[in-house]
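The values are calculated or read from the model by the stated rules, or taken from the named source; none is laboratory data. Treat the numbers as computed from the prediction; the structure is a model and nothing was measured. Glycine gets a Cβ as well: all are built from the backbone with ideal geometry, and neighbour counts include every protein chain shown.
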Amino acid sequence: MLSFLRKLFSAKADQISTEEDPMKKFLIVGLGNIGPKYANTRHNIGFKVVDFYAEKNSLTWETAKLGDITSHKVKGRTFIFLKPSTYMNLSGKAVNYWLEKEKIPLENMLVITDDLNLAFGTIRIKTKGSDGGHNGLKDIQNTLQTTNYNRFRFGISDTFSKGRQVDYVLGEWEAEEDKQLPERLKLSCNIIESFALAGMNITMNTFNGK
């Protein structure tokens, strides 16, 4: 009985300790637009990355306020994944809500987004920067009133003709891109875990340009 009580109180202490330590919680935000017509578009790569991670780890999404949410524990860290349901241009509202609700420090957030300025599948991880003309990042910046947040940019290239940018980013992947995506998505999962377990500097040094 004494042994059982020790274990019980130890487990409760561990739970309280985790709840009181916000540095062990991480918000991983995949940007995209909701609805089946956007599911396989270039602009939705953020959704695609977190969906791939969830499927790989048998996680179940739940519809919650301002987005779909799921969570996963790895080596004492809690990953909270968010797919905003606000559409891309209002992503900041959902991001701000879940940062505050879960009491997650800004430095423990990683935003995953598409980038026209990078070749297909190229990875660029940064701790700050401009929105680069990306409406999702622009809204997050305006809502949080800072450009100092971690972002993971996934290259979608810029092989579109003049005046066709919107059609391109909201278009679906080419057959060859679709074929290469699984390997890039596996790499993206490694980046997410490295971010939380090894830290941003090591993650940038390890994965940038790959």
> What residue, among those in the stretch 168-210 that are outside any helix (DSSP H, G or I) and in contact (Cβ under 8 Å) with a residue 60 or more places away in the chain, is nearest to Gly30 (Cα to Cα)?
Replying inline: Leu170
>> Could you tell me how many of the residues in the stretch 108-119 are of a type outside the set (A, V, I, L, M) and within 13 Å of the chain's Cα centre (by Cα)?
In response: 3
> If we keep just the residues of the stretch 55-112 that are surrounded by fewer than 16 Cβ atoms within 10 Å (Cβ to Cβ), in contact (Cβ under 8 Å) with a residue 24 or more places away in the chain and among the aliphatic types (A, V, I, L, M), which is farthest from Ser188 (Cα to Cα)?
Replying inline: Leu106
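Which one of these is of a type outside the set (S, T, N, Q) and over 17 Å from Phe81 (Cβ atoms): Leu197, Leu185, Leu110, Leu170? Show your work before the answer.
Numbers: Leu197 fails: over 17 Å from Phe81 (Cβ atoms); Leu185 fails: over 17 Å from Phe81 (Cβ atoms); Leu110 fails: over 17 Å from Phe81 (Cβ atoms).
It is Leu170.
Yes or no, residue by residue, for (1) under 17 Å from Arg42 (Cα atoms); (2) out of contact with any Lys or Arg (no Cβ under 8 Å at 6 or more places or on another chain):
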| position | (1), (2) |
| --- | --- |
| Asp115 | yes, no |
| Gln145 | no, yes |
| Gly155 | yes, no |
| Val166 | yes, yes |
| Leu170 | yes, no |
>> So, restricting to strands (runs of 3 or more DSSP E) that lie completely within the stretch 8-92, which ones have at least 2 residues that are under 23 Å from Asn150 (Cβ atoms), modelled with pLDDT of 95 or more and not polar (S, T, N, Q)?
In response: 25-30, 67-74, 77-84
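In the list Val95, Val111, which residue meets the criterion of being aliphatic (A, V, I, L, M), touching a Phe, Trp or Tyr at 6+ places or on another chain (Cβ under 8 Å) and outside any loop (DSSP other than H, G, I, E, B)? Break it down stepwise before answering.
Numbers: Val95 fails: touching a Phe, Trp or Tyr at 6+ places or on another chain (Cβ under 8 Å).
One residue alone meets the criteria, Val111.
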